Protein chains: 2
Amino acid sequence: MSLASRTEDTHAESSQADGLAAVQLRAPYLIYFGNVPDTGHAKTGLGLIQWRREQCAGQLRSPGCKVDGGLTDMSVAQAARAGVGSIVIGVASEGGSIPDAWVGDLAEAARAGLDVVSGMHVRLSDFPEIVAAARASGARLIDVRTPPRHLPIGTGRKRTGQRLLTVGTDCAVGKKYTALAIEQEMRARGIDADFRATGQTGIMIAGQGIPLDCVVSDFLSGAAELLSPDAADDHWDIIEGQGALSHPSFAGVSLGLLHGSQPDALVLCHDPSREFLLGTSARREYPVLPVTESIAQCLTFARRVNPQVRFVGLSVNTSMLPDPDRRVLLADLERQTGLPAIDPIRDGAARIVDVLVAGGAA
Amino acid sequence: MSLASRTEDTHAESSQADGLAAVQLRAPYLIYFGNVPDTGHAKTGLGLIQWRREQCAGQLRSPGCKVDGGLTDMSVAQAARAGVGSIVIGVASEGGSIPDAWVGDLAEAARAGLDVVSGMHVRLSDFPEIVAAARASGARLIDVRTPPRHLPIGTGRKRTGQRLLTVGTDCAVGKKYTALAIEQEMRARGIDADFRATGQTGIMIAGQGIPLDCVVSDFLSGAAELLSPDAADDHWDIIEGQGALSHPSFAGVSLGLLHGSQPDALVLCHDPSREFLLGTSARREYPVLPVTESIAQCLTFARRVNPQVRFVGLSVNTSMLPDPDRRVLLADLERQTGLPAIDPIRDGAARIVDVLVAGGAA
């Protein structure tokens, strides 16, 4: 691992031009729900509508679609006439590919000049019909899982502006949701705050970002540094966390992101219904760490890049608990940590932002 | 970051077939020194000769070459007649590319049926003359920086056999050298031990391995798991470490490797002449951590995947110190840590292997 200046050249093919700015999506959006059978497979589209309703012009649903995002139903032709910029695949398929049933719809949209935005594992460029349609109209094919081409090696240089990073005791414990709820609350108070996306759904919501888990590992912290560049002193980047330092599958990503983010503030996300880490329950090998231990681990590494870093809250998924139990649990976590403990879906993020703004907690 | 079964499909082009076995190099080797101006740029070739002398049949040097690896000088034709399997680029160029002056030599070797092995940043497949020559003869073009295509996500599942990982207080503090010295000492004692390579020079020496820093980050610990598979109970894999948990540029790689390696034993490598981390001296922002703090950090994370893990030694670069100072320093480090502290170049790795075999230290 040399420290010489290097750039990533691993991606031989990409429909995106160079540089971070290139992943900027073109709004407004037509959300593609296709023939999705349930809301569980439509999380991406529903999340985009929840957090960026003002950028969603309509939805495209096929016969048999069981989801309604509450947007105006539109055909591709109607969307094109209405000035829609992109069709966004808002659904996940079994197996991560793009089913034949979708290809015709996406090609039609590309032919009409709409950019096609996908967070699937397969690339849009692997579908000749979609490629040909895009080529004919000049539309862009944007795979949000494809990172920018020329990522730098991280430097650890201290940047201006302020940063909050959501971290977790496990994967899939609400790190993206919590970051978005904090951004929403801060903006409502007139604070200059931007959600910074590190995963495919987050990138669709933000309209830009870097898919950290798709970055070549030598460039992990460099990508995180690029994601939250120098900013005004009173600006906050609210960065979507990934994985968990304690998860043996993904901790490398978590640590690269933690170092590169240079957080001033951290929020720990936690799901008290998990006894073992996601994906390890059958083997019972990896218990979820206590929140106090997770906090201590994160601080050890975060202080390396920012000695003033502090935790400002806990974000807890209490959806499995009835109300009295839920309040007891949150009160107990507050006692253990000295931090406000909230469920962002039930309570919002106001109490965390209170601490953040007051400069309190540790 | 989903836990569904996924494979890496980032590498659109590779001259290697699928699977880990595919990076197996074909010995014996012709070491290519070209017109290298100094030994500093010939480290790869000299390291290969040092650690795998028996696999090096000869060296190819151009007019102006200032390095002699002590092998028989051979032309490509002589090497082909002698049954050489591969020509290995043993030198680094300014800028990481393959200069025009080398292309003709490498193409000649490929035309003669020798595999061409490169650890450069540019790919051999980017040079049409070399590609055409290899195609004509059936020789393979092997870029050791290209990881296997279908890497798994890490699982954290406990594997059989035993593993030692070298870790560091910084980058470039002897982690590869130390692992090789330990392998050599163990083999001399009749212990079943294999050096496991994670960087390009190490891969050339081992003849196989995975370039960890080139792996897409979601697959970091999965790649490390693949590198040291289930083995006999008394077998030791001696794994080459990368980076440092405390280095803000590369810690993600270090943690993914630590988790995926599930080490039973750790050796900390250290360069006492470094005040600040490599690449950060000008800014004086990142002091090298004390060895005791580095040890504590590594143990915290290594215990997550193997509660029985223990440190068995310190490997210290004392080349900057005169002998009395060197002994004082090593004795002081031994007092601080309770571990044998050796300079592997001056002292060999015997005292570390003593502790390893005895099952002592912590």
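Okay, here's what the table says:
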item: Test: residue in the stretch A:268-289 that is modelled with pLDDT of 95 or more, under 16 Å from the mean Cα position of the chain (by Cα) and among the aliphatic types (A, V, I, L, M); result: yes
item: Condition met for B:I295 (within 14 Å of another protein chain (Cβ to nearest Cβ) and either at pLDDT below 95 or touching a strand residue (DSSP E or B) at 6+ places or on another chain (Cβ under 7 Å) (or both)); result: yes
item: Positions within the stretch B:185-200 being open to solvent by less than 30 Å² (accessible area, probe 1.4 Å) and within 14 Å of another protein chain (Cβ to nearest Cβ), in sequence order; result: B:A197, B:T198, B:G199
item: Pairs where the first residue, in the stretch A:97-119, is touching a residue at least 12 places away in the same chain (Cβ under 8 Å) and the second is crowded, with 20+ Cβ neighbours inside 10 Å and of a type in the set (D, E), C-beta under 9 Å, 6+ apart; result: A:A109/A:D115; A:V117/A:D143; A:S118/A:D143; A:G119/A:D143
item: Check on B:D323, modelled with pLDDT of 95 or more and acidic (D, E); result: no
item: Residues that are surrounded by 14 or more Cβ atoms within 10 Å (Cβ to Cβ) and over 22 Å from A:G104 (Cβ atoms), drawn from the stretch A:51-79; result: A:W51, A:R52, A:Q55, A:C56
item: Tally of residues being part of a helix (DSSP H, G or I) and either crowded, with 24+ Cβ neighbours inside 10 Å or at positive phi (or both) across the stretch A:345-361; result: 3
item: Criterion violated by B:V253 - all others in (1) surrounded by fewer than 24 Cβ atoms within 10 Å (Cβ to Cβ); (2) within 14 Å of another protein chain (Cβ to nearest Cβ); (3) of a type in the set (A, V, I, L, M) satisfied; result: (1)
item: Qualifying residue in the stretch B:145-160 (condition: within 14 Å of chain A (Cβ to nearest Cβ), within 15 Å of the chain's Cα centre (by Cα) and at positive phi); result: no
item: Per-region count, the stretch A:202-217, residues open to solvent by 10 Å² or more (accessible area, probe 1.4 Å), more than 11 Å from chain B (Cβ to nearest Cβ) and either in contact (Cβ under 8 Å) with a residue 60 or more places away in the chain or of a type in the set (D, E) (or both); result: 1
item: Residue under evaluation B:V131, criteria (1) without any contact (Cβ under 8 Å) to a residue 24 or more places away in the chain; (2) part of a helix (DSSP H, G or I); (3) in the same structural domain as B:I352 (by TED's automatic domain parsing); (4) not charged (D, E, K, R), criterion not met; result: (3)
item: Residues located in the stretch A:302-335, provided they are in contact with a Gly (Cβ under 9 Å, 6 or more places away or on another chain) and either outside any strand (DSSP E or B) or of a type in the set (A, V, I, L, M) (or both); result: A:R304, A:V305, A:V312, A:V316, A:N317
item: Yes/no for B:L329 being open to solvent by less than 50 Å² (accessible area, probe 1.4 Å) and within 30 Å of B:R157 (Cα to Cα); result: no
item: Of all residues making up the stretch B:257-285, the number that are open to solvent by 10 Å² or more (accessible area, probe 1.4 Å) and part of a loop (DSSP other than H, G, I, E, B); result: 13
item: Candidate set from the stretch B:218-233 (those that are away from every other protein chain (no Cβ under 13 Å) and among the charged types (D, E, K, R)); member that is least open to solvent (accessible area, probe 1.4 Å); result: B:D230
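Matching residues to (1) touching a strand residue (DSSP E or B) at 6+ places or on another chain (Cβ under 9 Å); (2) buried (at least 17 other Cβ atoms within 10 Å of the Cβ); (3) assigned by TED's automatic domain parsing to the domain that holds A:A302:
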| position | (1), (2), (3) |
| --- | --- |
| A:L114 | yes, yes, no |
| A:G138 | no, no, no |
| A:H150 | no, no, no |
| A:I153 | no, yes, no |
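The values are calculated or read from the model by the stated rules, or taken from the named source; none is laboratory data. Quantities reported herein were computed from a predicted structural model and do not represent experimental measurements. Don't worry about glycine lacking a Cβ; one is built from the backbone with ideal geometry, like all the others, and counts go over all protein chains shown. When the accessible area is computed, the model is the full protein with side chains, heavy atoms only, and any ligands, DNA or RNA have been set aside. Shrake-Rupley method; radii C 1.70, N 1.55, O 1.52, S 1.80 Å.
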